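The values are calculated or read from the model by the stated rules, or taken from the named source; none is laboratory data. All values reported here derive from a predicted model rather than from experimental measurement. Virtual Cβ from ideal backbone geometry, glycine too; neighbours counted across all protein chains shown. For the accessible areas, the whole protein counts, side chains as well, though only heavy atoms, and no ligand, DNA or RNA atoms are used. Shrake-Rupley method; radii C 1.70, N 1.55, O 1.52, S 1.80 Å.
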Amino acid sequence: MIYLDHAATTRVAPEVLEAMLPWLQADYGNPGALYQSGVKARNALRTARESVAALMHAHPEEIYFTSGGTEADNWALTATAEAFAAKGRHIITSRIEHHAVLHTCAWLERRGYEIMYLKPDRDGLIAPEEVERAIRPDTILISVMLANNEVGTIQPIAQIGALARAKGILLHTDAVGAFGQIPVDVEALQADLLSVSAHKLHGPKGVGCLYIRNGVRIGALLQGGAQERNRRAGTENVPGIVGFGVAAECAGKRLQESETVVQLREHMIQRLLAEIPQSHINGHRDRRLPGNIHISFDGIEAESLLIRLDMDGICASAGSACTSGSLEPSHVLLAMGQSATEARSSIRLTLGADNTPEEIDAAADAIGKHVLLLRQMRANKPGLS
Ligand SMILES: *Cc1c(COP(=O)(O)O)cnc(C)c1O
């Protein structure tokens, strides 16, 4: 199998699995307990919190573990909306957010909040000037993702953060696609809230965190015990959190190797563009996640291509995992100004540090072959438009 869908999820790293196993077996103590095994689990949580905090230059007490990126996004938006309703009910976001943000915004709209959905340019970039123009006296939150999970475009969050800070508006950024792929620094970004998920950086599924800057007064997500400083009740997912911590440590070391992934990406992009006529890259050419290739092949249905690649053992996707399997064109590509037909003709290949040059060449060969075959089949059926 050639796995080129690292934006959907990643393989648990061997170091991560090894670190998790004791907490699923012998070391099952509740981190809230007073005896030895409880203390041991509590210490393990502390170490993991420090590792995750270090990778985003946060203080450990600003990290609140959640069940993943979706939960962190829901919490950031709903709790801010609730806490600041007296100040205003206006929220600024973008049309290219993950559904964890967009569907939470729709939920808030049904409860009387007003959401401004900014449109990106053709490269998927949100202009800070557009954000500035959208700010109103009753704006309580700006939520723009750090990097788009479909087309890989990295947003100018530091500039947007500076605008938000100057106006006293909170900034949330969904960093799930970026964390572990590019350097993330909550100070440089001036982010007040930031969402992350372990399974996108070779950690386990079902664990993530919300960074909440010290002093940001938003309420708890769950009511119950005193876990996560009274803000997210429930016995902690110790094995998952330990795995997340180790994944963050490994990702920190791998950041130095991201140039290798960029080289693989550039090699593949050059081959695909040179060997397949009428192909185009989507997303910003330079401001892009190291492993992301999003490419259109005119006249091709992405679904047919992906089925053929799957038969060759190649895992790729048509955009976000949540919408693949349906014929809905990507909301991100539509927002970037593509037609539904254009949007349906592209695939996403997301590379990881474990991909080899041989795999990349084999995948490029297969894609070239199948695009050619699909275009020939189409040409032989003149009734098709
Ligand atoms: C994967 C992803 C999420 C959801 O994270 P889960 O941990 O799978 O819930 C949210 N936002 C972005 C940008 C993602 O890529």
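Out of all the residues in the stretch 106-152, which are among the hydroxyl-bearing types (Ser, Thr, Tyr), more than 14 Å from the ligand (Cβ to nearest atom) and closer than 30 Å to His6 by Cβ?
First, the residues of the stretch 106-152 that are among the hydroxyl-bearing types (Ser, Thr, Tyr): 113, 117, 139, 143.
Now narrow it down to the ones that are more than 14 Å from the ligand (Cβ to nearest atom): 113, 117, 139.
Tyr117 - this is the single residue of the stretch 106-152 that is among the hydroxyl-bearing types (Ser, Thr, Tyr), more than 14 Å from the ligand (Cβ to nearest atom) and closer than 30 Å to His6 by Cβ.
Taking Thr70 as the residue in question, decide whether it is more than 17 Å from Arg229 (Cβ to Cβ) and in a helix (DSSP H, G or I). Yes: the conditions hold for Thr70. Exactly one residue out of Gln155, Gln181, Gln159 is under 13 Å from Ser94 (Cβ atoms) and at pLDDT 95 or above, and it is Gln155. Checked against the criterion of being under 25 Å from Glu97 (Cα atoms), of a type in the set (Asp, Glu), touching a strand residue (DSSP E or B) at 6+ places or on another chain (Cβ under 7 Å) and open to solvent by 10 Å² or more (accessible area, probe 1.4 Å), the candidates Asp192, Asp185 yield just one match: Asp192.
Which of the residues that make up the stretch 260-275 are open to solvent by 10 Å² or more (accessible area, probe 1.4 Å) and either touching a residue at least 24 places away in the same chain (Cβ under 8 Å) or closer than 24 Å to Lys119 by Cβ (or both)?
Narrowing the stretch 260-275 to residues open to solvent by 10 Å² or more (accessible area, probe 1.4 Å): 260-267, 270-271, 273-275.
Once the filter is applied, which keeps residues that are open to solvent by 10 Å² or more (accessible area, probe 1.4 Å) and either touching a residue at least 24 places away in the same chain (Cβ under 8 Å) or closer than 24 Å to Lys119 by Cβ (or both), the stretch 260-275 yields Thr260, Val261, Val262, Leu264, Arg265, His267, Arg271, Glu275.
Only one of the numbered conditions (1) at pLDDT below 95; (2) at positive phi is violated by Pro329, and that is (2). Of the helices (runs of 4 or more DSSP H) lying entirely inside the stretch 200-281, those containing at least 1 residues that are under 22 Å from the mean Cα position of the chain (by Cα) and under 20 Å from Gly152 (Cα atoms) are 238-254, 258-275. Can you tell me which residues in the stretch 200-220 are closer than 21 Å to Arg46 by Cβ and either within 16 Å of the ligand (Cβ to nearest atom) or among the charged types (D, E, K, R) (or both)? Of everything in the stretch 200-220, those that are closer than 21 Å to Arg46 by Cβ and either within 16 Å of the ligand (Cβ to nearest atom) or among the charged types (D, E, K, R) (or both) turn out to be Leu201, Gly203, Pro204, Gly206, Val207, Gly208, Cys209, Leu210, Tyr211, Arg213.
When Asn292 is tested against the conditions (1) within 16 Å of the ligand (Cβ to nearest atom); (2) surrounded by fewer than 20 Cβ atoms within 10 Å (Cβ to Cβ), the lone failure is (2).
In the stretch 85-105, the qualifying residues are those that are open to solvent by 30 Å² or more (accessible area, probe 1.4 Å) and assigned to a helix (DSSP H, G or I), and the one that is farthest from the ligand (Cβ to nearest atom) is His103. Among the residues of the stretch 15-50, those identified as open to solvent by 80 Å² or more (accessible area, probe 1.4 Å) and part of a helix (DSSP H, G or I) are Glu15, Leu17, Glu18, Leu24, Gln36, Lys40, Arg42, Arg46, Glu50.
Restricting the search to the stretch 115-150, which residues are in a strand (DSSP E or B) and either aromatic (Phe, Trp, Tyr) or loosely packed, with under 15 Cβ neighbours inside 10 Å (or both)? Tyr117 - this is the single residue of the stretch 115-150 that is in a strand (DSSP E or B) and either aromatic (Phe, Trp, Tyr) or loosely packed, with under 15 Cβ neighbours inside 10 Å (or both).
Screening Asp73 against (1) over 25 Å from Pro183 (Cβ atoms); (2) touching a residue at least 12 places away in the same chain (Cβ under 8 Å); (3) among the acidic types (Asp, Glu) leaves a single unmet condition, (1).
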